[in-house]
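Asks: My questions all concern the structure below.
The values are calculated or read from the model by the stated rules, or taken from the named source; none is laboratory data. Fair warning: this is a prediction, and the values are worked out from it, not measured in the lab. Don't worry about glycine lacking a Cβ; one is built from the backbone with ideal geometry, like all the others, and counts go over all protein chains shown. We work out accessible area using only protein heavy atoms, side chains counted, and drop any ligands, DNA or RNA first. Shrake-Rupley method; radii C 1.70, N 1.55, O 1.52, S 1.80 Å.
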Amino acid sequence: WKPNLHGRVAMSLWGVWPFVLVICGVHGLEFEVDASAMVQISRGNSGLVRVAYSADAKMIEGLKASISSCVEASRDPSKLMIHVMVLKENLSRFQRDLGVDGYEKVTKRGARIKLHEIPEWIAEKEKATSQSRRVVVWLDADTIVQRDVKEMSDQLAASGKTIGFVDRSTLMWSEYVTGFCCDRLGISLKELMNLHAYNVGVCAINLERWRESKAADRFQELVREHNSCPGGIWQGGSQPPLTLTFQLHPKDSPEDFILFDSRWNTGQLGVPGREFTSEELAQSFV
């Protein structure tokens, strides 16, 4: 499942929706945006779990499957608020296909689904995140959730770090980097290719730490260097700059990320030629 949503978003999502910074106000950069979900755990609010999706119209079937899995995996669906961020031109399609009369509905199991046009959602969440501490768990919408994601949220919160990636052995091979302009990163090509290519389709962020550490500034500086480099520094969209934001740091500085169990991002379900046994599927968290 890959949407066909291209373009630049001329607004700041600093501290609100970190991954979309790759298409926010960064001149000269254009990415394909994966329909994605952000599960937001509101600390100090009776255990309220907020799930936020962003998808274009072509992703509706996959989106419905992901929403269903989130509801099924929830220990208490009545505390589940599912936000779906859509572009204005897609709103009526989402209302029809998700069965939402107006902007909000309550499912049979008590979960609430609320539609938002993206600009209004951004303004609302900027205000909310400035008033309370939040840890968010990000999920791509082409996922099936089989374990309570609150575990990831709690683990990151306890660590005191800014972000948590799912453990992965894949390195920044030539599939990800071009070999150009490595000197701008203060690192050799060999060193760059030995960094890990963590998949950001499943990860967690402490938004308070994200703001305090000015991670968005570092992220956007990497994107500016990429844009001004003939041929670019990396290939792909948000994944390389987000992981590099946290892997590139002074040698005397501690790492500001943790690693989750690899079962939180099994990957490749439905990929031709990749078959899973029932045992493998049962052991996967996402």
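Asks: Excluding ligands, DNA and RNA, what is the solvent-accessible area per residue of the range 180-231 at a probe of 1.4 Å, expressed in Å²?
Replies: I get 47 Å² per residue for the range 180-231.
Asks: Mind checking which aspartates and glutamates have their C-alpha under 17 Å from residue 88, skipping anything on the same chain fewer than 8 residues away?
Replies: Straight-line reach from residue 88, under 17 Å: 56, 97, 101, 104, 117, 120, 124.
Asks: Could you work out how far the C-alpha centroid of the range 71-103 sits from that of the range 209-286, in angstrom?
Replies: 27
Asks: Now for a separate question. Using packing as a proxy for protection, rank 143-155, 182-194 so that the peptide with the highest average count of other Cβ atoms within 10 Å comes first.
Replies: 143-155, 182-194
Asks: Here are some pairs, 161/251; 190/214; 79/114; which of them have Cα atoms lying more than 19 Å apart in this structure?
Replies: 190/214
Asks: Further, regarding this structure: Mind listing the phi-derived Karplus ³J(HN,Hα) values for the range 196-207, rounded to whole Hz, using 6.51, -1.76 and 1.60 with θ = phi - 60°, and x for any glycine or proline?
Replies: Computed from phi, the couplings for the range 196-207 are 8, 9, 5, 8, 8, x, 9, 6, 9, 9, 8, 5 Hz.
Asks: In the neighborhood of residue 92, defined by Cβ-to-Cβ distances under 13 Å, what is the net charge if each Lys or Arg adds +1 and each Asp or Glu adds -1?
Replies: Once positives and negatives cancel, what remains is -1.
Asks: Now for a different question. Near the amide H of residue 53, under 5 Å away, which other amide H atoms are found, from residues 5 or more places off or on another chain, if H is placed in the peptide plane?
Replies: 38, 83, 84, 85
Asks: Now a separate question. Would you work out what percent of the accessible area of the range 127-278, with all protein chains in place, is carbon or sulfur (probe 1.4 Å)?
Replies: 48
Asks: Scan the range 200-257 for GluC sites (Glu not before Pro) in coil per DSSP, keeping those whose Cβ has at most 14 other Cβ atoms within 10 Å, and list them by number.
Replies: Passing both the DSSP loop test and the Cβ count: 255.
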